[in-house]
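The values are calculated or read from the model by the stated rules, or taken from the named source; none is laboratory data. Remember, predicted model here, so these are calculated numbers, not experimental data. In this analysis, Cβ positions are derived from the backbone assuming ideal geometry, glycine residues included, and neighbour counts consider all displayed protein chains.
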């Protein structure tokens, strides 16, 4: 079973600059990223030492340096609970006032809802008692409400993270592999994507959308040409992914039984053509397909 808390926290840490640009572009413009952001997980632990894992949430607290020299703290609550939790807004407020009281820091707060509950999307906490009132409002983002087409148009790598979260919520047993294969093809064919971002995205997608063994083996057959290209040209490694051992089983190692090499070549050729078909069906330009697969225009025409 995937540790979703850890997955979300790690991808936000790895792609924090892209994360901030995606969710808070105005704040992003004020940040000086020549100074590396600092994770402040220990500060949260001090304030909430008894926080229970049963709440199924993950919280990030990051410190960034602004261009005017001041500090800015960024608090992100990632809610992955699939049921209504009435005290969540109160918990958001508690985090805010405890950090404000203890460290006197300005806070940008965001509740990132990754749950399946359509009606759960609170954005404020209201307190009222005999004339004493308080309203705390925070930023929210509900993955279930996002549009696939808009995410696909985005050039921000974090849009692929959100798209993976959306596909996970929409997926059923029969189409999980198709969603995962589509994400991998988008990831491995995006020439604008900085190559150092591929590995953390690959790991996130791989562990977020888990597949049975037989589906994983089939998926590897489909995307092996793309992985091989990234391995050779960019040094991509598959460590820490569920697809690594199945990729090796395709016959990449030498010196096995007679006829293996020929079978390997035939299998790879078939996988390349299947990959090309799916890339074309998903609207990827023929120029990119030619470059990635190494096929000729004539070979691609025969696929139709």
Some residue of the stretch 218-231 being surrounded by fewer than 17 Cβ atoms within 10 Å (Cβ to Cβ), in a helix (DSSP H, G or I) and at pLDDT 75 or above: yes
Strands (runs of 3 or more DSSP E) lying entirely in the stretch 70-136 (those with 1 or more residues that are farther than 30 Å from residue 171 by Cβ and free of Cβ contacts under 8 Å to residues at least 24 places away in the same chain): 124-129
Of the criteria (1) outside the structural domain of residue 190 (by TED's automatic domain parsing); (2) surrounded by fewer than 19 Cβ atoms within 10 Å (Cβ to Cβ); (3) more than 23 Å from residue 25 (Cβ to Cβ), which one residue 99 fails: (2)
Checklist (1) in a strand (DSSP E or B); (2) surrounded by 18 or more Cβ atoms within 10 Å (Cβ to Cβ); (3) at pLDDT 90 or above applied to residue 63, failing item: (2)
Some residue of the stretch 106-124 being more than 29 Å from the chain's Cα centre (by Cα) and either at pLDDT below 90 or exposed (fewer than 12 other Cβ atoms within 10 Å of the Cβ) (or both): no
Which listed residue is modelled with pLDDT under 90 and in contact with a helix residue (DSSP H, G or I) (Cβ under 8 Å, 6 or more places away or on another chain), from 202, 193: 193
Residue in the stretch 137-149 that is surrounded by the most Cβ atoms within 10 Å (Cβ to Cβ), counting only those that are free of Cβ contacts under 8 Å to residues at least 40 places away in the same chain and under 16 Å from residue 76 (Cα atoms): 143
